[in-house]
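The values are calculated or read from the model by the stated rules, or taken from the named source; none is laboratory data. Predicted, not measured: the structure shown is a model, and the values here were computed from it. Here the Cβ positions follow ideal geometry from the backbone for every residue, glycine too, while neighbour counts run over all protein chains shown. These area figures cover heavy atoms from the full protein model, side chains too; ligands, DNA and RNA do not enter into them. Shrake-Rupley method; radii C 1.70, N 1.55, O 1.52, S 1.80 Å.
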Amino acid sequence: MESMTGFGSASQRLKGFLITATARSVNHRGLSIHLRFPREAASLEQAAHEKAREMFQRGRVELTVSVDTEDGFGTAPEMDLERAGAYVRAAVAIGDEYHTESGLTALGVLSLPGVLRLPDPARFGDFSGVLSAVICDALSALKESRLREGAGLAAVFRESLGALILQVEPIAATHGERVRNVFEKNRARIRELLGEVDLDEARFVQEVAVMADRLDISEECQRLLHHAREALGILGEPVCGMKLGFLVQEMHRELNTMGAKVTDPQAVYGVIRMKELVGGMKEQAANVQ
């Protein structure tokens, strides 16, 4: 089992640059991949998208890449002398045309856009290889995170489904006794109301049989047990979220029907406890791939 929520990150240094990739995912009905890459890494977007599609089947996956300079690594800014010269020539031309002083200084020219800039990391021959490795490592870390959380979810589901099965069985086993209790209770109540009047036993038995049929929860119990055991059987599958969600929904429906039929306080309480278990599983199933 794999969760749809997780986080992974990776980074490497390259000649004064720190290249970092972070990958995170949250719940989503299908697979949705979102990339945030800087200009230097734009050429790898398609490959990163395909890699994410290979590794994940469901979830909203966000992959962010950053390329930053690091202090102490000697990454010095570079001057674009051609652009600086263009600024100077333009200033001189304006001064000649309008008979004004240009007022330019060397420091002023350096502050103009594009004159002083950090070196482009893409010029290093191994930049693409390092960036690709960082992206793969971040996605792998995200995969491991999702699998760890999935293992925890599987344990929770096994515990809840086991508890559900244990609680269904006694309710199903005592169903006949509950019907007999209803029979005797109604018989005593009718005799109390009718007094000495003879009771049409055959008609009474017929009415109780109809009532017992309406109160019968044996089929609901059987279907509930079937759904619970089927859910246990798919927990080891890599992609089981939708199936699990459907089974949990069916279990909830069976419990609603049972809750409408049972009247015995102990059975009602048992149904309520099972609904709490199924409600918890419903929330967790939304996290499963």
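In the stretch 78-101, what residues are surrounded by 12 or more Cβ atoms within 10 Å (Cβ to Cβ) and of a type in the set (S, T, Y)?
Correct list: Y87 only.
So, in the stretch 10-19, how many residues would count as being open to solvent by 30 Å² or more (accessible area, probe 1.4 Å) and under 10 Å from V65 (Cα atoms)? Let's see the steps before the verdict.
The initial filter retains those residues of the stretch 10-19 that are open to solvent by 30 Å² or more (accessible area, probe 1.4 Å), namely 11-13, 15, 18.
Restricting the remaining residues to those that are under 10 Å from V65 (Cα atoms) gives 11.
Final tally of qualifying residues: 1.
Could we say that V268 is touching a Gly at 6+ places or on another chain (Cβ under 8 Å) and assigned to a helix (DSSP H, G or I) here? Talk me through it step by step, then tell me what you get.
Details: touching a Gly at 6+ places or on another chain (Cβ under 8 Å): yes; assigned to a helix (DSSP H, G or I): yes.
Yes, satisfied.
Please note which strands (runs of 3 or more DSSP E) are completely contained in the stretch 1-52 and include at least 2 residues that are farther than 29 Å from L153 by Cβ and touching a helix residue (DSSP H, G or I) at 6+ places or on another chain (Cβ under 9 Å).
Values: elements: 6-14, 17-26, 31-36.
In the stretch 1-52, the matching strands (runs of 3 or more DSSP E) lie at 6-14, 17-26.
Of these, F7, F17, F56, F37, which one is more than 17 Å from the chain's Cα centre (by Cα) and in contact (Cβ under 8 Å) with a residue 60 or more places away in the chain? I'd like the intermediate steps shown before the answer.
Details: F7 fails: more than 17 Å from the chain's Cα centre (by Cα); F56 fails: more than 17 Å from the chain's Cα centre (by Cα); F37 fails: in contact (Cβ under 8 Å) with a residue 60 or more places away in the chain.
Checking each option against the conditions leaves just F17.
State which residue is nearest to C240 (Cα to Cα) when the search covers only the stretch 24-60 and only residues that are surrounded by fewer than 16 Cβ atoms within 10 Å (Cβ to Cβ) and of a type in the set (K, R).
R29
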